[in-house]
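The values are calculated or read from the model by the stated rules, or taken from the named source; none is laboratory data. These numbers come from a predicted model, not from an experiment. Backbone-built Cβ (ideal geometry, glycine too); neighbour counts: all protein chains shown.
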Amino acid sequence: MTAKRSHNTTSFGMHDLPPEQQETLRKAKRVEKINILTKVAAVILIYAVAGNSQAMKAAWIEDALAILPPLAFLVAIRFISLKPSPRHPYGLHRSMGIGHLVAAVALLVFGTYLLVDSAMGLFVGEHPPIGLMEIFGITMWSGWLMVVVSIIVIIPAIFIGRINAKLAPVLHNKVLYADAAMNKADWMTGVATSVGILGVGAGIWWFDAAAAIIISFDIISDGVKNLRGSLADLIDSRATESDSRTPHRLMADVRDRLREYDWVDKVDVRMRDQGQVFHTEAFVVPPEGRTPSLAELEEARTTCADMDWKLHDLVIVPVGEMPAEFVAQIDEKEQ
Amino acid sequence: MKPQRSTIRRIIQVIMTCGLTFGLVACGGHYPADPEGSLNRISGGTLRVGISHQPPWVDTSGGEEDPEGIEAQLIADYADSINAEVEWHEGGEEQLIGLIAEKELDVVIGGLTSQSPWSSDAALTTSYAESLGVDGNTAQQVMAIQMGENAFMTSLERFLLEQDIDQQVPEEMRP
């Protein structure tokens with residue numbers, strides 16, 4: 001919000017952001033900073049309560065892992081706001097893709113750790129010991145304290161997860177989506193932990209582990225989904241919507257826009273997601289005897305690039321016929 | 001804001017329902033409860049205690065007589081408080097902890113501290129006294145019991161925390 005900070009929130013590389021995206025980005029950065037602070041506080045708080053108790057050890061490892069997605073987001077934002085340079089002619093947009101990969105791996109490790117740790121506990125018949133604790137001169141069952149702390153630390157996660165899920169589509173930012181999933185995983189683990197501890201208190205020793213196993217499947221599936229999505233973007237798959245599946249609508253938009261020119265006979269587009277913005281190549285076959293002039297090409301390029309802030313890095317390639325290595329990318333969507 | 005509030009409400013509902021259910025399950029018994037029912041068995045029955053010579057905490061130099069030492073006395077007093085007979089089993093720490101893991105003993109004493117490497121085989125109680133060890137570091141004294149017998153654990157811990165044990169630690173071992 002300060003002048004110092006605003007210099008890198010108005011553009012991604014050469015791409016100037018529209019006001020709505022600038023505002024959303026500012027919000028996202030603020031939310032992620034708060035996110036990191038709450039996670040650090042949660043780790044300290046849980047560590048203080050859990051001490052050497054096994055039951056809550058998982059909880060603070062999870063909160064420590066949950067610091068990774070917002071950290072990846074904030075670091076990547078710094079890089080993608082840099083202008084392209086001779087050494088980095090495409091800009092540094094892929095940093096957001098790497099951030100997405102980091103967040104996805106964090107999510108997957110989180111879920112896998114929870115599953116393996118709980119399954120092992122269940123397998124060897126580990127009965128979690130939860131004894132008394134003296135705090136400020138009051139002696140109480142530490143289970144109560146663990147339940148209270150688990151509930152306190154999930155409250156920010158619920159809100160941050162929801163806010164991120166709202167901001168992510170505006171910015172087309174998959175790290176924010178992954179972080180929303182991470183926060184969901186975080187609060188679900190918190191609920192499972194408290195329910196599990198109450199169950200252990202009732203003498204059902206396997207309850208804690210069973211509750212954790214059930215939610216670990218949900219977290220692992222989110223992790224796998226994000227990992228596939230981030231890898232797909234990094235290996236130059238066709239640009240997709242934020243579900244990492246549906247072809248991005250801008251591909252068809254660019255093609256349809258170009259079709260309207262009289263100097264275009266055949267046109268097809270290939271578009272890859274660089275993590276935050278797209279890199280687009282439109283191949284155009286002009287009709288016989290109607291080669292577009294440089295001015296026409298330039299006008300068409302500007303028109304297409306201005307259709308969306310993610311499209312600024314767009315080239316139009318006039319060709320005699322479609323190159324053999326070119327594969328049309330949007331047929332699937334039309335069927 | 002609407003979905004957020006309903007999520008939180010749902011979470012609170014889940015926890016309240018579980019708390020209520022578990023409360024009812026535990027009704028008539030203890031909360032926290034013992035999966036293996038240790039406290040009920042020991043109260044008015046026998047407390048099986050593993051002892052490992054480690055003065056001033058446990059002193060077994062008396063041979064056939066009952067062991068002496070701060071922790072031996074504490075256990076004897078605790079057993080009295082729940083009308084239990086004490087059955088002493090002397091041995092090395094490693095073997096005694098093995099017997100705890102096999103549920104053959106209820107508690108092991110012998111100058112154990114919270115830094116004990118046995119924490120994956122036995123549950124360590126909360127610390128009830130501080131002392132200076134031979135290595136010159138301050139240690140938190142604990143006892144070892146069976147994993148997850150939380151009613152017995154909290155009952156023993158409550159008894160220990162009510163005693164003024166720091167005063168019984170020899171002058172030269174006080175931190």
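A few notes on this one:
- Test for B:Glu68: is it under 13 Å from B:Leu112 (Cβ atoms) and surrounded by fewer than 21 Cβ atoms within 10 Å (Cβ to Cβ): no
- Some residue of the stretch A:288-297 being surrounded by 13 or more Cβ atoms within 10 Å (Cβ to Cβ) and touching a His at 6+ places or on another chain (Cβ under 6 Å): no
- Filter pass, A:Phe110 being outside any loop (DSSP other than H, G, I, E, B) and surrounded by fewer than 23 Cβ atoms within 10 Å (Cβ to Cβ): no
- Residue list for the stretch B:83-92, restricted to those being in contact with a strand residue (DSSP E or B) (Cβ under 8 Å, 6 or more places away or on another chain) and either closer than 18 Å to B:Ala151 by Cα or in a loop (DSSP other than H, G, I, E, B) (or both): B:Ala84, B:Gly91
- Residue match in the stretch A:238-249 (condition: at pLDDT 90 or above and over 18 Å from the mean Cα position of the chain (by Cα)): yes
- Residue that is nearest to A:Gly203 (Cα to Cα) [pool: residues in the stretch A:122-151 that are of a type in the set (Val, Ile, Thr) and not in a helix (DSSP H, G or I)]: A:Ile130
- Residue that is surrounded by the most Cβ atoms within 10 Å (Cβ to Cβ) [pool: residues in the stretch B:1-30 that are in contact with a helix residue (DSSP H, G or I) (Cβ under 7 Å, 6 or more places away or on another chain), modelled with pLDDT of 60 or more and in a helix (DSSP H, G or I)]: B:Phe22
- Summed over the stretch A:186-218, residues that are among the small types (Gly, Ala, Ser), in a helix (DSSP H, G or I) and within 11 Å of chain B (Cβ to nearest Cβ) total 7.
- Among residues of the stretch A:198-225, those that are closer than 27 Å to A:Ser244 by Cα, in contact with a Gly (Cβ under 9 Å, 6 or more places away or on another chain) and aliphatic (A, V, I, L, M), counted: 4
- Some residue of the stretch A:169-187 being closer than 19 Å to B:Met16 by Cα and modelled with pLDDT under 90: yes
- Sub-7 Å Cβ pairs linking a first residue in the stretch A:67-89 that is under 30 Å from A:Met182 (Cα atoms) and touching a residue at least 40 places away in the same chain (Cβ under 8 Å) to a second residue that is aliphatic (A, V, I, L, M) and in a loop (DSSP other than H, G, I, E, B), at least 6 apart or interchain, are A:Ile80/A:Leu92; A:Leu82/A:Leu92, ordered by first then second residue.
One line per residue, one yes/no per condition, for (1) more than 13 Å from chain B (Cβ to nearest Cβ); (2) small (Gly, Ala, Ser); (3) without any contact (Cβ under 8 Å) to a residue 12 or more places away in the chain:
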site	(1), (2), (3)
A:Ile138	no, no, yes
A:Leu145	no, no, no
A:Pro156	no, no, no
A:Ile163	no, no, no
A:Val175	yes, no, no
